[in-house]
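Heads up: the structure comes next, in structure tokens.
The values are calculated or read from the model by the stated rules, or taken from the named source; none is laboratory data. Predicted model, so just to flag it, every value in this text is computed and none were measured. All Cβ positions, even for glycine, are placed from backbone atoms using ideal geometry, and neighbour counts span all protein chains on display. Keep in mind that these areas ignore ligands, DNA and RNA; they rest on the heavy atoms of the full protein, side chains included. Shrake-Rupley method; radii C 1.70, N 1.55, O 1.52, S 1.80 Å.
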Amino acid sequence: MSQLHEQKWEACLKVIKDNIPLQAFKTWFSPIVPVKLEGDILTIQVPSHFFYEWLEEHYIGLLKKVIKKELGANGRLEYSIIMEKNATNSTPYTVNLPTSGKSSLKNAPVTVPLNVNENEIRNPFVIPGLKKVNVDSNLNPSYSFENFVEGDCNRLARSAGYAVANKPGGTAFNPLLIYGGVGLGKTHLANAIGIGIKNQFPNKTVLYVGSEKFAHQFIDSIKNNTTNDFIHFYQMMDVLIIDDVQFFSGKEKTQDVFFHIFNHLHQNGKQIILTSDKPPVEMQGMEQRLLSRFKWGLSADLQSPDLETRIAILEKKMYGNGIDLPKEVVEYLAYSINTNIREMEGALTSLLAQASLNKKAITLDLAKQMIDKFVKNTAREVSIEYIQKVVCDYFDLEIEILKSKTRKREVVQARQIAMYFSKKLTKSSLANIGAHCGGKDHATVLHACRTVNNLSETDKQFKTYLTDLEKKLSMQ
Ligand code: ADP
Ligand code: MG
């Protein structure tokens, strides 16, 4: 007879199985082992931190539902994670994590007019009076300072953020505007500041909100005649974080209402943190008076991280997930995706998922296949020079010799191969390719392409050269 926690988990699994694809079930739920049931808390063991995050990200809604169904309204789930310290010391240790560990980021209830509904702020009936509501800070607990890698690319923004977190409203950085391109860490840093504040000043009411959500709430409030409540609600915050304010562009009324909220908060020494994809001077469609307010504090930018920082970010992410990847794989990832951290992390996640799904070890080859898929959309065009370099490296020739007029057999062959790939992989004309390869004319290039095609069909060794080179070229 199985124990109660096993029965309960079995019952949960039954429901889950009916609700997700079989492959996903096998990958993410079959490896889970129920550990114990204490009161309303069911503890399950998952193989890694990555696993835990994946479940929380993709299946939390479903998990909450089944737990509630099986354990009642107060039912809770806790994860026990086996952490492999490293490859040599394999003694596992476990960490226990509750579902959505956001508890420390909770705000104390704030007093708002009676008709304000914490998230929705829409109630058409204006009833005088006040009530206490809970304001969810909306902070993402994994976007902490601890998880934010410092590098030259983000030093100013990070230090300013850190200063703000230690003294919200009490520094010259008010507002603090963090700007930078997509996926460079604006949202992460903005959250980190909020988390830092919540940790040190638990009584402060912190609210993180995306600018689009803010704008929608505002429009709803107009529809429902509750604009005053909307304004009042935001004016209650001690720390207001608005992400991606560039979306306010062209929305005059939203800017107007934000202007009033901004002034109120600023005058009362409350902290405002904003992020944007561009600096204030480049924001189009934004009212001048608002832009000038943005410049009151500090605008700090986030740049693309250099290779070392990218590697450090990947390593941190892996460490946090209890994963170890071969160094060459990490370097390859960091090297290949060099502008957008989100994309780089996405590639890492896909790689891990791919490896878990197929139960394959993560090798450089698997990484290369993955990355190819990732960067295909942004396909970098191969240049004739690059092809020449790869071909020369392969045959151990000086590039100058390839470009010369020499008719030595091995040089002629390498030159023809370089021409062949230039025709195949670039948009250059035959004449242009010829010009790059020892001043040949277009007929010579055409002849080279034919020769290479013929040889590849008759000469096995030659065919191997081509396949090797093709691989190298497609992986640049
Ligand atoms: P943005 O808001 O600028 O588009 P995000 O804040 O969403 O970018 O960052 C994209 C991803 O990159 C997130 O997963 C974030 O955790 C990660 N990231 C960005 N910068 C860093 C950093 N310095 N250290 C660690 N992770 C980072
Ligand atoms: Mg963002």
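Return the total of residues in the stretch 326-351 being farther than 16 Å from Asp306 by Cβ and among the β-branched types (Val, Ile, Thr).
Matching residues across the stretch 326-351 total 2.
Considering only residues that are more than 16 Å from ligand 2 (Cβ to nearest atom) and closer than 15 Å to Ile341 by Cα, which ones fall in the stretch 281-313?
Asp306, Leu307, Glu308, Thr309, Arg310, Ile311, Ala312, listed by residue number.
Name the one entry in Lys270, Lys278, Lys316 that is within 16 Å of ligand 2 (Cβ to nearest atom), of a type in the set (Lys, Arg) and in contact (Cβ under 8 Å) with a residue 40 or more places away in the chain. Quick ask: steps written out before the conclusion?
Details: Lys270 fails: within 16 Å of ligand 2 (Cβ to nearest atom); Lys316 fails: within 16 Å of ligand 2 (Cβ to nearest atom).
It is Lys278.
Could you tell me whether the stretch 342-354 includes any residue that is in a loop (DSSP other than H, G, I, E, B) and open to solvent by less than 50 Å² (accessible area, probe 1.4 Å)?
no
Which residue, of Phe262, Phe248, Phe258, is within 23 Å of His188 (Cα to Cα) and within 16 Å of ligand 2 (Cβ to nearest atom)? I'd like the intermediate steps shown before the answer.
Values: Phe262 fails: within 16 Å of ligand 2 (Cβ to nearest atom); Phe258 fails: within 16 Å of ligand 2 (Cβ to nearest atom).
On inspection, the qualifying residue turns out to be Phe248.
When you go through Ala165, Ala190 one by one, which is the residue that is within 16 Å of ligand 2 (Cβ to nearest atom), assigned by TED's automatic domain parsing to the domain that holds Asp152, out of contact with any Pro (no Cβ under 7 Å at 6 or more places or on another chain) and open to solvent by less than 30 Å² (accessible area, probe 1.4 Å)?
Values: Ala165 fails: within 16 Å of ligand 2 (Cβ to nearest atom).
Within the list Ala165, Ala190, the selection yields Ala190.
On the basis of being away from ligand 2 (no atom under 16 Å from the Cβ), in a loop (DSSP other than H, G, I, E, B) and modelled with pLDDT under 85, does Asp324 make the cut? Even if it seems obvious, please write down each step before you answer.
Numbers: away from ligand 2 (no atom under 16 Å from the Cβ): yes; in a loop (DSSP other than H, G, I, E, B): yes; modelled with pLDDT under 85: yes.
Judged against the criteria, Asp324 is a match.
Go through the residues of the stretch 10-22 one by one and say whether even a single one is under 31 Å from the mean Cα position of the chain (by Cα), at pLDDT below 85 and acidic (Asp, Glu).
The answer is no; no qualifying residue exists.
If I filter the stretch 323-341 for residues that are in contact with a strand residue (DSSP E or B) (Cβ under 8 Å, 6 or more places away or on another chain) and away from ligand 1 (no atom under 16 Å from the Cβ), do I get at least one hit? Steps first, answer last, please.
Our first condition is that a residue be in contact with a strand residue (DSSP E or B) (Cβ under 8 Å, 6 or more places away or on another chain); within the stretch 323-341, this holds for none.
No, the stretch 323-341 contains no residue that is in contact with a strand residue (DSSP E or B) (Cβ under 8 Å, 6 or more places away or on another chain) and away from ligand 1 (no atom under 16 Å from the Cβ).
Being at pLDDT below 90, part of a helix (DSSP H, G or I) and open to solvent by 20 Å² or more (accessible area, probe 1.4 Å), is that true of even one residue in the stretch 444-454? Outline the logic, then answer.
Residues of the stretch 444-454 at pLDDT below 90: none.
No: zero hits.
So that you can scan it fast, the table gives a plain yes or no per residue for (1) open to solvent by less than 60 Å² (accessible area, probe 1.4 Å); (2) of a type in the set (D, E, K, R):
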residue	(1), (2)
Ile384	yes, no
Tyr394	no, no
Leu397	yes, no
Arg407	no, yes
Val411	yes, no
Lys423	no, yes
Thr426	yes, no
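Check off (1) within 16 Å of ligand 2 (Cβ to nearest atom); (2) modelled with pLDDT of 95 or more for Val149 and give me the number that stays unchecked.
Among (1) within 16 Å of ligand 2 (Cβ to nearest atom); (2) modelled with pLDDT of 95 or more, the lone unmet condition for Val149 is (1).
Got a number for residues in the stretch 143-160 being open to solvent by less than 50 Å² (accessible area, probe 1.4 Å), in contact (Cβ under 8 Å) with a residue 40 or more places away in the chain and either within 25 Å of Asn107 (Cα to Cα) or near ligand 1 (Cβ under 8 Å from one of its atoms) (or both)? Lay out the reasoning, then the answer.
Step one: list which residues in the stretch 143-160 are open to solvent by less than 50 Å² (accessible area, probe 1.4 Å), which gives 144-145, 148-149, 151, 153-154, 157-158, 160.
When the remaining residues are screened for being in contact (Cβ under 8 Å) with a residue 40 or more places away in the chain, the result is 144-145, 148-149, 151, 153-154, 157, 160.
Filter once more, keeping what is either within 25 Å of Asn107 (Cα to Cα) or near ligand 1 (Cβ under 8 Å from one of its atoms) (or both): 144-145, 148-149, 151, 153-154, 160.
Count: 8.
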